[in-house]
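Take a look at the structure set out below.
Just so it is clear, none of the values below were taken in a lab; they were calculated from the coordinates. No experiment lies behind these values; they were computed from the predicted model shown. Here the Cβ is made from the backbone with ideal geometry for all residues, glycine too, and neighbour counts use every protein chain on show.
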Amino acid sequence: MKVLVPVKRVIDFNVKVRVKSDQTGVDLANVKMSMNPFDEIAVEEAVRLKEQGKAAEIVVVSIGPGQARETLRTALAMGADRGILVKSDADIEPLAVAKILKAIVEEEKPELVITGKQAIDDDSNQTGQMLAALLGWGQGTFAHKLELEGGEAKIEREVDGGLQTVEVKLPAVMTTDLRLNEPRYASLPNIMKAKKKPIAEKTPADYGVDVTPRLKVLKVTEPAKRQAGIKVKSVAELVDKLSEAGVI
Amino acid sequence: MASLVVAEHDNKNLSDATAKTVAAASAISSPVHVLVAGQNCGAVADAAAKIKGVEKVLAADDALYAHMVAETMEPLLLTLASQYDAILAPATTNGKNILPRVAAKLDVPQISEIIKVVGPDTFERPIYAGNAIQTVEAKLPKKIITVRTTAFKSPGEDGRAEIEKIAATADPGTAKFMGEALSKSERPELTAAKIVVSGGRGLGSGENFKLIEKVADRLHAAVGASRAAVDAGYVPNDYQVGQTGKVVAPDLYLAVGISGAIQHLAGMKDSKVIAAINKDEEAPIFQVADFGLVADLFQALPELDQELAKRGR
């Protein structure tokens, strides 16, 4: 079967985010960018399916600026077979992303789409669910474990109270949580090999999707800061302070 | 028009997250109705009817909704959508699983995890793991919203809403619930507890978490953990506090052996009082802690337990 994995280029998770002084967004100039960590987990899961002989081909898609090509190369170096870059310099909302992905799914006909549960920039946690709904497919979100059996995917999900298992008919969408797997580092030979793997270039218009934002961002501000308090010298003093504060 | 809140429950008890979501809904569009979808969930519908500000409870009691599977919840919400200009759910794993499907089918964006209603069309939400706050304007025919409930106050109970039974919609048959392994605990639920005692990698093992549990039990507190402690396998994943785990805002958050990575801080920085015990005095947790104790936790925790016992806790 074919597996489709969308990947997003985001600010590296180790970078300390700074809000721009004009409140239009966060400062992305000269900041290290990487693949969204949840998407790395999605690529890893697809590569493992291929290594187990369960997946025949892995197609990775990135929707974003020209530099998102590097993000696709990373996925190809991890073991994906080919890439599709849907080039756009605009910020594209999750619903429009889902519509573009739907058009790609209809062309490519994968049996499984694996997305990260959320991107660590806008923290929306929407795209996978929206794609599943637009396609009329089932979904296994926040996946902790995947088992493919016949025409079904058994997906163990991380939910608030613990773990939940759902059985979803294929084709389906799965979104990854942190503990699904630990993504590999691409080896140097694989990085070299990835340079030869094909990346097709498209635009949102090729898929007939209007990407005009529907939400208007009025401003982006710093969160309220907490002041550092005091250091206490002993456990007894800590308990005194907590009693005085009325919290124990 | 009106707004509809999707109730969070386990068929027996209504989660407090529902009432907090009602608070957000009231500020967007009144009257507020609550949808209780479940199986044998009459007690939940009764509880929802008591929330202040709720005009009507819609009860969809059917085996199909026993576990609120997203694929079955979507058509139910779509049949109701025309009567509401806003549909809200708490940003629990359940709400996050269901609502984007409804938004996509209605062809509107979802506004995720709002922390403030600035006006009926304007909302604040955290982005970049809470390191920035985005104010968005949503002039949309329908507003589909998930709510970070720690940011809203429960409106209390003086309501006597009518309960209307509604019919189930067809099962699309694309997904089914197979089972669950929920953590059983006598302790209060992490997101609802007044006191949370959390442990990090500093604990060194799952066995050592007993030190945390002992203090937590003395304080009738919930037990939390940092991602590092969960990844190391000391405790189950549902203990995790942080951007990718649970967001909590108790009266007291006691962080033990937690260095305070930004991803962890994003999950607890709205707590009323933060106390931290860590042997590294440079640990970033001390920059947000109201009371910090630089100490070896293996000495401090038993001492804390004794000190609390001495004072009758």
Completion exercise
Rounded to a whole number, the mean other protein chain Cβ count within 10 angstrom for residues of A:131-138 is 6
Practice task
Between A:K233 and B:D158, with labels modelled 7 Å along Cα→Cβ, what's the label distance in nm to one decimal, could you check?
Solution key: 5.0 nm
Practice task
Would you mind giving the mean number of other chain beta-carbons within 10 Å of the Cβ of each residue in B:239-246, as a whole number?
Solution key: 3
Handout entry: Selected from B:I111, B:L14, B:A27, residue furthest toward positive end of dipole (the range B:1-141; charges at beta carbon)
Key = B:A27
Completion exercise
Taking every other residue with Cβ under 13 Å from the Cβ of B:H33 and scoring Lys and Arg +1, Asp and Glu -1, one gets -3
Problem - Residues whose placed amide H lies under 5 Å from that of B:K116, excluding near-sequence neighbours - result: B:E124
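How much net charge surrounds B:K139 when only other residues with a Cβ under 10 Å from its Cβ are counted (Lys, Arg +1; Asp, Glu -1)?
Values: positive: A:R214, A:K216, B:K143; negative: B:D121, B:E137.
Net charge in that neighbourhood comes out at +1.
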Problem - Dipole-positive endmost among A:L4, A:H144, A:S243 within the range A:2-244 (Cβ charges, Cα centre) - result: A:L4
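Roughly how big is chain B's charge dipole about its Cα centre, with Cβ charges of +1 (Lys, Arg) and -1 (Asp, Glu), in debye to the nearest 20?
Roughly 260 debye for chain B.
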Exercise for the section: Quick one: angle between helix B:297-310 and the longest Cα principal axis of chain B, in degrees between 0 and 90, rounded to 10, please. Expected result: 80 degrees
Problem - Peptide ranges A:179-185, B:14-20, B:209-215 listed from the most packed, as the mean C-beta count within 10 angstrom indicates - result: B:14-20, B:209-215, A:179-185
Exercise for the section: Express as a percent, rounded to the nearest 5, the fraction of DSSP beta bridges in chain B (both residues included) that run antiparallel. Expected result: 20 percent
Handout entry: Rough spin-label spacing in nm, given labels placed 7 Å along Cα→Cβ, for A:L218 and A:Q52
Key = 4.9 nm
Exercise for the section: Specify which residue in the list A:L72, A:Q129, A:G161 is farthest towards the positive end of the charge dipole of the protein assembly as shown, using unit charges on the beta carbon of Lys, Arg (+1) and Asp, Glu (-1), about the Cα centre. Expected result: A:L72
Fill in the blank from the handout: Taking Cα atoms, the helix B:209-218 axis meets the longest principal axis of chain B at an angle in degrees (rounded to 10) of 70 degrees
Handout entry: Share antiparallel - DSSP beta bridges, the protein assembly as shown, percent rounded to 5
Key = 35 percent
Handout entry: Charge dipole magnitude, Cβ of K and R +1, D and E -1 - the range B:156-298, Cα centre, debye nearest 20
Key = 180 debye
Handout entry: Vicinal HN-Hα couplings computed from phi for the range A:111-119 (Karplus, 6.51 cos²θ - 1.76 cosθ + 1.60; Hz; Gly/Pro x)
Key = 9, 9, 10, 10, 10, x, 5, 7, 9
Practice task
Would you please put B:92-101, A:188-197 in order of how densely packed they are, using the mean number of other Cβ atoms within 10 angstrom per residue and starting with the highest?
Solution key: B:92-101, A:188-197
Problem - Packing-based ranking, highest mean first, of A:7-16, B:255-264 given that Cβ atoms within 10 Å are counted - result: B:255-264, A:7-16
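When the dipole is taken about the Cα centre of chain A, and only Lys, Arg (+1) and Asp, Glu (-1) are charged at their Cβ, what size is it in debye, to the nearest 20?
Using only the charged Cβ atoms, the result is roughly 680 debye.
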